[in-house]
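Worksheet: the structure to be examined is printed underneath.
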Amino acid sequence: MTRDIVLYGITTCDTVRKARKWLEGRGVAFIYHDLRKDGLSEADLAVWVKALGWEALVNRSGTTFRKLSDAEKLVASEAQAVSLMLAHPTIIKRPVLVRGGTVTLGFKPELYEKIFS
C-alpha cells in the first residue's frame, strides 16, 4: 500500500469512522494512522501546522482538552500548541487527511468528493 494517502485519527471518533467508511466504500487505498496508538511525529505536526495553522488543529471542545489543567488550556502560541499536541495527540481535531502535499482537516462527504473526484 502506498503512503500517498494517510488518514490520521482515533478509532473511537465517530467522524474518523465516517471518513474511513467513505474511503473504503469508494475503494480508496489509504493508510490509517491511529494517533492514540501510533503517536504523532514532530515532522508530521509541523506540516499540518504550516498548512492549517495551530488554531485550527486544537480541538478545544474535546474530552482530552477539557481534562487539561487550566494552565495547559491557555494555549496562546504556536510553540505551546505544538508542545501540547505532541504530549496529547488526541486534542487534535480529526480526522487529518494527508494526500500528497495536501492536508485536509475534518470530514464532510462533499469535501471528500471534491478531493477524490
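Worth a mention:
- Residues located in the range 37-60, provided they are in contact with a strand residue (DSSP E or B) (Cβ under 9 Å, 6 or more places away or on another chain) and assigned to a helix (DSSP H, G or I): 38, 44, 45, 47, 48, 50, 51, 52, 56, 57
- Identity of the residue in the range 13-36, within 12 Å of the chain's Cα centre (by Cα), in contact (Cβ under 8 Å) with a residue 60 or more places away in the chain and in a helix (DSSP H, G or I), that ends up surrounded by the fewest Cβ atoms within 10 Å (Cβ to Cβ): 15
- Number of the exception - residue 42 against (1) within 15 Å of residue 92 (Cα to Cα); (2) exposed (fewer than 15 other Cβ atoms within 10 Å of the Cβ); (3) modelled with pLDDT under 95: (3)
- For the range 70-77, the criterion of being in contact (Cβ under 8 Å) with a residue 24 or more places away in the chain, exposed (fewer than 15 other Cβ atoms within 10 Å of the Cβ) and not in a strand (DSSP E or B) is satisfied by no residue at all.
- No other residue among 51, 79, 56 is over 23 Å from residue 112 (Cα atoms) and out of contact with any Cys (no Cβ under 6 Å at 6 or more places or on another chain) apart from 79.
The values are calculated or read from the model by the stated rules, or taken from the named source; none is laboratory data. The structure presented is a predicted model; accordingly, all values stated were derived computationally and were not measured. Every residue, glycine among them, receives a Cβ derived from its backbone with ideal geometry; neighbour counts consider all protein chains shown.
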